[in-house]
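Here's the structure we're looking at; comments come further down.
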Amino acid sequence: MDNSLGHPIFDKNIASPGTWVSQYADYLFRYAMSRLNDEEQARDLVQETFLSGLEKLDNFKGISSEKTWLTAILKNKIIDIYRKKSSRSNQTVSTEETDYDRQDFFDPENGHWNNQHQPSPFAVEHEDLLVSKEFNKILQQCMQKLPSLWFSVFSMKHLDDEATEFICTELKVTPANFWVIIHRTKVNLRSCLQKNWL
């Protein structure tokens, strides 16, 4: 339905909180688990998301689906956790390239992987690795070994596809530190996956 100016009119009654738990709890729990890997915290955040949704029900205009709206609320709560963890750990990362970074993994001439450290192809039958439960489990275990700031930066960048500027602002890291963290996280994850998956 459109108003006289041609803009759509949204019915505020289209939100149905009575069905949220049955329709979205499992999805939101999986979403939180993939970013936190902590069952208790994920359950708590899903409950908090539903409570926040009820409190902010007047803000729901029906422009997006209930699922998208609830996911955005949950995502903000996860970012709050990342922010708290990164401020508590107060981790700074040296932007100087270490001998370990340079010599052990990459060719100083061209920046490509050295032959002895070049990643091996993953031996899986399924083409989409993220569909593989076993791979996902090992990836989550490898991510849990990361320092909390690295985990937060990597999750926001590669799971939520957030902009670099947004991540730097939210987690209070400089752009130089951001790129060092991303680089070292990828090296660590690749090493961990090669050790535990292949």
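Table for the structure above
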read-out	value
The range 12-89: C-alpha gyration tensor shape, a/c 1.5 cut-off, then a/b vs b/c	prolate
Dimensions (Å) - the range 137-198, Cα atoms, principal axes, largest first	36, 19, 16
Efficiency of FRET between Lys195 and Gln47 - r from beta-carbon atoms, R0 45 angstrom, step 0.05	0.80
Virtual spin-label span in nm between Lys61 and Lys172, 7 Å along Cα→Cβ	3.3 nm
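We did not get these values from a lab; they are worked out from the coordinates using the rules stated. Predicted model, so just to flag it, every value in this text is computed and none were measured. Virtual Cβ from ideal backbone geometry, glycine too; neighbours counted across all protein chains shown.
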